[in-house]
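One structure below.
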């Protein structure tokens, strides 16, 4: 017999007690009542289409194997500057400055590599080439270049009292503007490579420094950045590296 306190495990076991419980608790047969009803339709399940992948970056810039790495470093720098608190910028100023110096050297040498591949048209007969030392004939003020493509070798100057005295907000603002200009140059490298090729045709002498980035800055950068700097410097100054590679 079924007892009120009987456990579920015991009630589920086969035996006389289970059969007696079944005989006492008869369930009316409803199959006849349900025979005239149509079974419910299965729920409509719409096929789910696979989630679209994010569009891949279409690299149309020349030498994409160089462009993508420079863009990655510059993008990390701009993210660091955007997320920084300007008033507390002194805490990350050294790291941001190191990345900015490296990105500047990379972008400049990348443009030099592209300029070496530019084929300029021949000058017209009878037209004397202009030199970089000539004064402009017109009085129109020259528009400031967005990014200096030449590394001027200047003599060491005295350190003034104002050096490093900028407030953290001013340092942050200056680096934000410098990073913005680098991004503009990197977005249109062909235009700046053409400008540099025209400049190098009439300019003589060294246009890049022997050391792209000082050693104390290199120590703050990851190894792949140092390797990329060396690769770009070798391609931008092949004549200077010829003697090093031959030894």
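Where a number appears in this text, it was derived from the coordinates with a stated rule and is not lab data. Small disclaimer: the values here were computed from a predicted structure and weren't measured. Because the Cβ atoms are built from the backbone with ideal geometry, glycine has one as well, and the counts that use them run over all protein chains shown.
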Handout entry: Pairwise centroid distance, computed over Cα atoms, of the stretch 68-114 with the stretch 197-247, Å
Key = 18
Practice task
Sort 224, 241, 67 so that the residue with the fewest other Cβ atoms within 10 Å of its own Cβ comes first and the one with the most comes last.
Solution key: 224, 241, 67
Exercise for the section: At 7 Å along the Cα-to-beta-carbon direction for both residue 116 and residue 219, put a label point, then send me their distance in nm to one decimal. Expected result: 3.1
Handout entry: Ordering of 225-237, 167-179, 201-213 by packing [mean C-beta count within 10 Å, highest first]
Key = 225-237, 167-179, 201-213
Completion exercise
Expected sort for 120, 77 with the fewest Cβ neighbours (10 Å cutoff) up front is 120, 77
Problem - Residue order, fewest to most beta carbons within 10 Å, for 244, 101, 70 - result: 244, 101, 70
Completion exercise
Descending packing, highest mean Cβ count within 10 Å first, for 85-92, 106-113 is 106-113, 85-92
